[in-house]
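Here's the structure we're looking at; comments come further down.
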Amino acid sequence: MVSFRKKKSSKNVDTTAPKDVDDAAAAPSPTEKAAAADDAREPEVTKAPIPSRPPQMEDIPDLLETMTTEKGEKSAAATKRIYELCDVGHKQNRVPMVCSRKYDVLTPLAQCLTQESGDGRHLACLALNNLSIPTENKRVMALGPSSSAVIGGLCKVIAEDKQESYLCCICLMNLSFLEASITTMLQHSPVPDGSDPIPPLDNPESQIRILEKLLKNAPAVPKSGSGKSEGVRWACGLIKNLAKSEENAALFGQTDIPKCVVGNIRNTTAPPSRWTSNSLEDFSLFVILNLAQWPVSRQALIDAGAIDVIRPIMAEGDLQGLKATMACAFLGAPWTDFPEGGSTAAASISELMTNIIEKKGKDGQYAYGVFKLYAATKAYRDLCYAANSADGDGGKSNTKVLAVPSAVALCLQVVSDLVLAADDEVNGGSKYVPDVKSAEYSAAAVTYMLPAILEASEPPRKSIQSEKACGEIATMLTQYANLAGTSSQGKESALESSEKIKAASGSARPILEISHEAWTQYRKREGQPLDQFLSQEKGIEVDESGPLDFLPCMNSESQCAIL
């Protein structure tokens, strides 16, 4: 999130945080000169009568009237006062200004965006940016009654390539951090009053076509810190958020935007180790990652040569390497493309899965919430598929890289937690309830790892522990397959694994044993019922007379005749 100060400062734009932060906490960044330049362009309005006291909230109705009825300096002066009421020194005013329902500041600010004079337009951009920071305001600005005017005004400035274009991209990006708004935002496709709606892809004035034009018209190597480069950079930040929706990804896949973001990575001269958070390269790789996970946009990236461009980045042992690794897995890169025989890919993605479940980030790389569990489990599933395909029939050398007991136990944990969450009669459960897709991908990962998981001990031997593990895991996977919300692919994968695991119960399976023990210890720590997945078949009791339940007259006063 980005906000703007009243005073001139080099800390207006935070380029280090992965999600909403305010400018007061922003660290110095490579864009601080550009941000300071924006403050330097803040208009001088000394010719207009300025009240001797600072603006107050009760001044807002009069200020809004001046903004909408006056022109030139008077209107700009009133807009400046509105901006001052929500600057970094007055954060407490931001939510009441938008959500109190006492006044409508959004529509007049949106109208200021259409002014030919740059003073009022620039100040309106600054005010809208600061107002777009609080979560409560995002919903009103992106989905409320004034949303069409706000989004339309911001898009108009971008389309006209005004000097405030990048501020408008930042504001739209701020609003897109509310995931509930991203599908609606990208559907913005204005038409004249009384006209029939036009699909976004068929309307050159739609938000998606305006963003596409901005990226396509950017120079191959934009000058760092220029208005054009800043517009492209923050537009990619906006697209990164919008691409989290599969519906939006389907639209992006039909534009040249995938080709443009791949080109941003291809044309950069900076090594990945020098990419800063929120840089053009960082945003572009995130866009590739988010689009790669959806089948509807994956082919567009493949056609743009994304795998060849991001393959070398996998060798980086940081956030960029993790993003490139996940993207390559989503795009179906062969197992031989992953560095060090796939070991670094397996370790980094399984660590990501663990961190998400434990609700923590990784110091110096990513915060909790940046990645979703369904994305991490899907990347691990796709890695397992690549390794399994490379092994071929009967092989297991590559899947053994992935089938470490901690990773296998983690996959079992995700599936079993969903099963427990779906059972209303179970007491105890997980602190992190996975989504249906995460469970499906985890079950599929187990299926692809089975050749290594079920590898017999050498020399072969019997094992009560392996027999117990086979029975309990097979029962759990069967219960998952029978859940109402399980997809046909998830059911097929789980039942296939269950049958193969049952058939393997006669011999010791070291990886399976250790994985089962780690999974059991997790359930103990969480206070989950340990008999949930035990077989319910109790057998038949007998005494010297035979099977007790076979004799209907047992313990009765009648005499039975055994013929």
| message | I need the full set of residues from the range 108-138 which are surrounded by fewer than 16 Cβ atoms within 10 Å (Cβ to Cβ) and either in contact with a Ser or Thr (Cβ under 6 Å, 6 or more places away or on another chain) or of a type outside the set (Ser, Thr, Tyr) (or both), in order please. | response | GLU116, GLY118, GLU136
| field | Scan of the range 295-317 for residues that are within 19 Å of GLY237 (Cβ to Cβ) and of a type outside the set (A, V, I, L, M), ordered by number | value | SER297
| request: List every residue pair whose Cβ atoms lie under 7 Å apart, where the two residues are 6 or more positions apart in sequence or sit on different chains, the first residue falls within the range 362-381 and is buried (at least 18 other Cβ atoms within 10 Å of the Cβ), and the second residue, located anywhere, is of a type in the set (S, T, N, Q) and assigned to a helix (DSSP H, G or I). | output: LEU373/SER438; TYR374/SER438; THR377/SER438; THR377/SER442; TYR380/SER350
| query | Of (1) crowded, with 24+ Cβ neighbours inside 10 Å; (2) farther than 22 Å from ARG121 by Cα; (3) in contact with an Asp or Glu (Cβ under 6 Å, 6 or more places away or on another chain), TYR166 satisfies all except one. Which? | reply | (2)
| query | Quick check: is even one residue across the range 221-229 open to solvent by less than 20 Å² (accessible area, probe 1.4 Å) and modelled with pLDDT under 95? | reply | yes
| request: Go through VAL446, VAL414 for me and flag whichever is in contact (Cβ under 8 Å) with a residue 40 or more places away in the chain, assigned to a helix (DSSP H, G or I) and touching a Cys at 6+ places or on another chain (Cβ under 6 Å). | output: VAL446
| message | Being open to solvent by less than 80 Å² (accessible area, probe 1.4 Å), out of contact with any helix residue (DSSP H, G or I) (no Cβ under 9 Å at 6 or more places or on another chain), at pLDDT below 90 and not charged (D, E, K, R): is that true of GLY546 here? | response | yes
| query | Tell me, which residue of the range 191-207 that is at pLDDT below 95 and within 29 Å of GLY118 (Cα to Cα) is least open to solvent (accessible area, probe 1.4 Å)? | reply | VAL191
| Pair list, Cβ < 9 Å and 6+ apart or interchain, from the range 269-286 residues that are assigned to a loop (DSSP other than H, G, I, E, B) to residues that are open to solvent by 30 Å² or more (accessible area, probe 1.4 Å) and among the acidic types (Asp, Glu) | ALA270/GLU281; PRO271/GLU316; TRP275/GLU281
| said: Suppose we filter the range 499-532 for residues that are within 17 Å of LYS462 (Cα to Cα), touching a Leu at 6+ places or on another chain (Cβ under 6 Å) and open to solvent by 30 Å² or more (accessible area, probe 1.4 Å); how many remain? | reply: 1
| request: Tell me which residues, restricted to the range 100-119, are within 13 Å of GLN163 (Cα to Cα) and part of a helix (DSSP H, G or I). | output: GLY118, ASP119
| request: Determine which single condition ALA235 fails, assuming it passes every other condition in (1) in a helix (DSSP H, G or I); (2) within 16 Å of the chain's Cα centre (by Cα). | output: (2)
| Counting only residues that are closer than 16 Å to ALA376 by Cα and not in a helix (DSSP H, G or I), which one in the range 287-317 is least open to solvent (accessible area, probe 1.4 Å)? | GLN293
| remark: By residue number, the members of the range 162-212 that are of a type in the set (A, V, I, L, M) and closer than 20 Å to GLN254 by Cα are ILE182, MET185, LEU186, ILE198, LEU201, ILE208, ILE210, LEU211
| said: Cβ-Cβ under 8 Å, sequence separation 6+ or interchain: first residue in the range 507-535 and on the phi < 0 side of the Ramachandran plot and in a helix (DSSP H, G or I), partner surrounded by 15 or more Cβ atoms within 10 Å (Cβ to Cβ) and of a type in the set (Asp, Glu). Which pairs? | reply: PRO510/GLU455; ILE511/GLU455; HIS516/GLU472
| field | Residue in the range 382-400 that is farthest from the chain's Cα centre (by Cα), counting only those that are crowded, with 23+ Cβ neighbours inside 10 Å and not acidic (Asp, Glu) | value | ASN398
| said: Step by step: first the residues of the range 467-494, then only those that are open to solvent by 70 Å² or more (accessible area, probe 1.4 Å) and not hydroxyl-bearing (Ser, Thr, Tyr), then the one that is nearest to LEU454 (Cα to Cα). Which residue is that? | reply: GLU467
| Subset of the range 325-340 [in contact with a helix residue (DSSP H, G or I) (Cβ under 6 Å, 6 or more places away or on another chain) and under 22 Å from PRO405 (Cα atoms)] | THR325, MET326, ALA329, TRP335, PHE338, PRO339
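Before we move on, is ASP391 of a type outside the set (Phe, Trp, Tyr) and over 22 Å from GLU440 (Cα atoms)?
Answer is yes for this residue.
The values are calculated or read from the model by the stated rules, or taken from the named source; none is laboratory data. Since we're looking at a predicted model, the values are computed, not measured. Ideal geometry is used to build each Cβ from the backbone, glycine not excepted, and the neighbour counts take in all protein chains shown. When the accessible area is computed, the model is the full protein with side chains, heavy atoms only, and any ligands, DNA or RNA have been set aside. Shrake-Rupley method; radii C 1.70, N 1.55, O 1.52, S 1.80 Å.
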